[in-house]
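The values are calculated or read from the model by the stated rules, or taken from the named source; none is laboratory data. Please read these numbers as outputs of a predicted model, since none were measured by experiment. When we count neighbours, we look across all protein chains shown, and the Cβ atoms used for this are built from the backbone with ideal geometry, even at glycine. Note: accessible area is taken over every heavy atom of the protein model, side chains too, but ligands, DNA and RNA are not part of it. Shrake-Rupley method; radii C 1.70, N 1.55, O 1.52, S 1.80 Å.
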Amino acid sequence: QVQLVESGGGLVQTGGSLRLSCASSRSTFRIETMGWYRQAPGKQRELVAQIDFIGTKNYVDSVKGRFTISRDNAKNTVYLEMTTLKPEDTAVYYCNARNMITDDVSWGQGTQVTVSS
């Protein structure tokens, strides 16, 4: 069954902002590492941002200072706040959950982000 549901994608102009949300139905959300990945046409999927269960965050260099990942364990939701968006940020963004004990992984269905120039 679907365990991760993304929302918040859309079309935005260069310099604009979007907030992506990923709602998880996984019972182990609180102890999982959550990540946002993206895949642009013709390119490999890449990790954009990651947050572990104690709140440690990592970002790919290209989004540092512009994107912020956060989590709300009370809502079983992870967010990606994206600011100063660029055309090269255009991609399908996927939510990922990884149980670091069992290595069980889930992916969301993806949400399209398009940044117009």
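Numbers at a glance
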| quantity | calculated |
| --- | --- |
| Residue in segment 96-108 that is under 22 Å from GLY16 (Cβ atoms) and either open to solvent by 10 Å² or more (accessible area, probe 1.4 Å) or polar (S, T, N, Q) (or both) present | no |
| Residues located in segment 35-59, provided they are assigned to a loop (DSSP other than H, G, I, E, B) and either among the aromatic types (Phe, Trp, Tyr) or over 18 Å from THR111 (Cβ atoms) (or both) | GLY42, GLN44, ASP52, PHE53, ILE54, GLY55, THR56 |
| Subset of segment 75-95 (residues that are touching an Asp or Glu at 6+ places or on another chain (Cβ under 9 Å) and either open to solvent by 70 Å² or more (accessible area, probe 1.4 Å) or within 18 Å of GLN13 (Cβ to Cβ) (or both)) | MET82, ALA91, TYR93 |
| In segment 1-32, the residues that are among the aliphatic types (A, V, I, L, M) and touching a Gly at 6+ places or on another chain (Cβ under 7 Å) | LEU4, VAL5, LEU18, LEU20 |
| Any chance ARG38 is open to solvent by 30 Å² or more (accessible area, probe 1.4 Å) and not hydrophobic (A, V, I, L, M, F, W, C) | no |
